[in-house]
Structure formats: structure tokens, C-alpha cells
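What follows is calculated from the coordinates using simple rules that are stated; it is not laboratory data. Worth saying up front: this structure is predicted, and the values here are computed from it rather than measured. So basically every Cβ, Gly included, is an ideal-geometry build from the backbone, and we count neighbours across all protein chains shown.
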Amino acid sequence: MPDTAREAQPGRFLLLYALAAAGGAVAYVPFLTILLPLRMSELAAGREIQSLAYTAFAGAIAASIANIAFGWASDRTGTRRPWILGGLVLSSMLLVSMRLAETVPVLVIMIVAWQFALNMMLAPLAAWAGDCVPDHQKGVLGGLLAISPALGALAGALITLPGLAGQETRLVLVAALVALMVGPALLFARPHPMPQLMDQSSVAPSSVSCPRSTVVRMWLARLLVQIAEASLFAFLLFWFTGIDDTVTDHDTAKVFSVVLGVSVPLAIVVGRWSDRTEHPIFPLVLGAGIGSVGLAIMALSDALPGAIAGYVVFGLSTSVFLALHSSQTLRVLPKPRTRGRDLGLFNLTNTVPSLIMPWLTLALVPLFGFEALFVLLAALCAIACILLATLRRS
């Protein structure tokens, strides 16, 4: 193996990149989960749920298109940072301007524009890691990426602290946090050149003999796990209260917070292990498999302790799965020169579940209860586990 293949990026770059990736999560998590619903309740009193659903649908479509388009654009120009900077500035300006929307149609239009600007930042940012981080550091990178959802949730809690900021000031506060997190990577990150990662002849990871099959399996596995994760995120409170009507939204938030907090060090440890042992896919197999077990526990639980235990098993395993999958995807993409576009196609696994999940839940829960939903989601995670466990290796 050439010496260049074992060159490593300094820890400083990995940390600055992880901070920037977390800034991407902060850019949308507090807004979409807290600030947008509050604003929608002001503009569409009595029809806020329907209006929010239409807005989420339009936003998901815009995000899907924009992520592919700007990933492709950054491929064509051969540079990532100007696109990241442009997206940071435009998305921040649009976010702060949301307070000017006085009707639901105007707000929807602004959110679509904001999604385009946001993905101008997110798509090249994701591809930048593929340009810079060698395969033997992708496990560590994946572990560090687990910080993103945790900091996204923490930012939501921070900006809603009583007395800290008013409704309009919260948008400014979010934009400032994003700039403080993404800016240092743009200004101070100096990654070592990794020309071998941009070599057009490097079309597949050495551990896999069928690159196209691997890409498809990786894509499907993430989609299946994301459908399960999105379903649980949206309806966990309803299920908990159905088991025990004394459960509050604060109790559910605490469970989410514990899972997100513990998943960060766990993902870092597992990621480092996968780098040292050169088993990049095995943690993904375990994550999907254990996630299926957690869902099975939830399907069989009729008391709150068992329900929480099942969710903790599911939440921890799938949080680690999703974080490590994000980095290991970079090693299976077939063409370095179209890395941004291809990651945009992988990003569909993040947006499509939000379009599938509501219909899946409405079809099952009213007729068969949450148990049937959990059984189906457990089957999806089990299929994801099989898809990854049966990858052909050289």
C-alpha cells in the first residue's frame, strides 16, 4: 500500500469539521421542530397541523432537489468552501427574515427558498469530508458526526430558555450559532491534501468486490433505518402516553436527550474500533440488528419501564448506525469527481422517510395499534441488517 494511503488528517481538522457539521444540524433542528410550529400556530390558528404538514412536504421536496443540485455544482466547480460560505450567508439571511412572513403561502415560499440556500451549504459540506478524510479515519469521523443531532437538540433547548430571547430574536440567535460553528472550519481548517481521494481511478473500497451493489445496499439500508427512526421520533410521545397517561412531553424529551447524549461517546468508541480493526461495515450490521431487537421489545411492552428500555436500545443502536453510516458512505461512492451529486442522492434517505412515515402510521396504528407499527419497523431494520451483513467482500 502506498504511504500516501496511510496519511491522516490532523485531529484539529476533524474537530473543526465535526463542529461545522453540527452547525448544519443547528441550522434546521430548532427551527423545524420548535420555531416553525410556533410561527405556524400564529399564522394559521385552527389549521396549523394541516398547514405545517403542507409546509414540511414542500420543504422536503425542495431540500431533496437542492442537495443534489448543489452537490453537483460543487463537483463541477471543483471547490467546496465558496458554496458552503454562500449557503451559510443566504440561509442565515432567509432564516432571520422568516419573521416578516404574514401569511402561510408567503411563509411556505420563504421556507422553500431557505431550504435551497441551506442545502447550498450542507451538500458541499458533506462532500468536503469525502475529499479530505481517508478511509482509515472514517470511523472516527462518523463517531464525531454523532455530535450533530445532540447539539441540534441542545440548541433548541437553549434558545427556548425562559427570558433568554423573544420569538423574533430566537431566529437571530440560531443564525449566530450556526455562523459560530461553521465559520471556524471555513477560516481555520487546513486539511492535508489527499489527491488519492480524488483519483478518478479509485472507484471502490478495497473491501468490497461489487461497488454498485454495495452503493445500492448501503442506500436501502439507511432508508429502512431512517423510516423507523423518523416514525419513532414523531410518535413516541403518543405511544408513551397510551401506556401511561401520566407521561409528559418533558419526560419524553428527557428520554430523547439521554439517548442522544450517550450515543455520542458510544459512536466515537465504536468508530475508532472500526478504524483500528478495519471492519467498517460490521458496526452498521450490529446497529441495524440491535435496532430491530429494540423495536421488538417495544412491540411486546405493555408497561412503561419496558417501553423506555426498548426505545433506549433502539435509539442508541440506530443513532450510532446513522452517524457511522454517514462517514462510511464516503468509501463506497463510485466516482470521486461526482461525490457531491452522489451524496445528494444518498440524502434522499433523510428526506423520503418524512414523506412515507405519516402514511405508514395512519395505515397501521388506527386499525392494529402501535404494536403492529413496531413489528413492521423491526422487520425493516432486520432487512437493513441482512442487506449489509451479506455484502460480498474480496
> Roughly how many whole Å is it from the C-alpha centroid of the stretch 94-120 to that of the stretch 261-339?
Replying inline: 33 Å
> Where does the Debye-calculated log10 I(q)/I(0) of the stretch 13-82 sit at q = 0.12, 0.20, 0.24 Å⁻¹, using only Cα point scatterers of equal weight, no solvent?
Replying inline: -0.49, -0.95, -1.08
> Can you give the percent of C-alpha pairs in the stretch 211-389 whose distance is more than 29 Å?
Replying inline: 21 percent
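Test of understanding: express the Cα radius of gyration of the stretch 16-140 as a ratio to 2.2 N^0.38 Å, with N the residue count. Intermediate results must be reported in sequence, preceding the final value.
Details: Rg = 16.0 Å, N = 125, 2.2 N^0.38 = 13.8 Å.
Normalised Cα radius of gyration, the stretch 16-140: 1.16.
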>> Let's see if you can work this out: charge +1 on each Lys and Arg Cβ, -1 on each Asp and Glu Cβ, no other charges. What is the dipole magnitude of the chain about its Cα centre, in debye to the nearest 20?
In response: 1260 debye
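Determine, for each peptide in 22-35, 314-327, the mean count of other beta carbons within 10 angstrom over its residues, then list the peptides with the highest first. It would help to have the intermediate numbers written out before the result.
On the way: 22-35: 22.4, 314-327: 25.6.
In decreasing order of mean packing, 22-35, 314-327 become 314-327, 22-35.
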> What base-10 log of the normalised intensity I(q)/I(0) is obtained for the chain from the Debye formula, alpha carbons as equal point scatterers, at q = 0.07 Å⁻¹?
Replying inline: -0.31
> What list of ³J(HN,Hα) values in whole Hz, one per residue of the stretch 73-86 in order, does the Karplus curve 6.51 cos²θ - 1.76 cosθ + 1.60 (θ = phi - 60°) give from phi, with Gly and Pro shown as x?
Replying inline: 4, 6, 5, 5, 7, x, 9, 10, 4, x, 5, 4, 5, x
>> Explain nothing, just compute: Karplus ³J(HN,Hα) = 6.51 cos²θ - 1.76 cosθ + 1.60, θ = phi - 60°, for every residue of the stretch 145-161 in order, whole Hz, x for Gly and Pro.
In response: 5, 5, 5, 4, x, 5, 6, x, 5, 5, 4, x, 5, 5, 6, 9, 4
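Per the helix-only calculation at 222 nm, which mean residue ellipticity applies to the chain, given -39500 (n - 2.57) for every DSSP H run of n ≥ 4 and division by its residues, nearest 500 deg cm²/dmol? Intermediate values should be presented prior to the final figure.
On the way: 14 runs with 307 residues, N = 394.
That calculation yields -27000 deg cm²/dmol at 222 nm.
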> In square nanometres, what is one fourth of the surface area of the convex hull spanned by the alpha carbons of the stretch 59-214?
Replying inline: 11.3 nm²
